[in-house]
Amino acid sequence: MENLSKFSKNVLEDEIDELIRLMIIRFLTGEDKEYFNYDEVDYNEIYDDLEIINQDLEDNYFDKQEENEINECDYTGIVDY
């Protein structure tokens, strides 16, 4: 505790903030495999955002329909007037 008294409160708070920032970055980039089982979360359907999954499925469905509509039209690219 004596060593801590050498630092001002602001410096200590800044250092703690930096440590937390680095820990968050390390966790989010998957560098904490030694301490956290990422697969347990990545491959667990409980944590899936069903709203986003359903929206992606819907978007893909309509994108494919639009592609089919464009391919099926009689547009030749030739202007005939």
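Since every read-out is calculated from the coordinates, none of them should be taken as a lab result. Since the structure is predicted, the reported quantities are computational estimates derived from the model, not experimental observations. Counting neighbours? That spans all protein chains shown, and the Cβs are built from the backbone with ideal geometry, glycine included.
Determine the pairs where a residue that is among the aliphatic types (A, V, I, L, M), located within the stretch 26-55, has a partner that is part of a helix (DSSP H, G or I) with Cβ atoms under 6 Å apart, the partner being 6 or more residues away or on another chain.
Listed pairs, sorted by first residue: V41/Y47.
Which one of these does F36 not meet: (1) surrounded by 10 or more Cβ atoms within 10 Å (Cβ to Cβ); (2) in a helix (DSSP H, G or I)?
(2)
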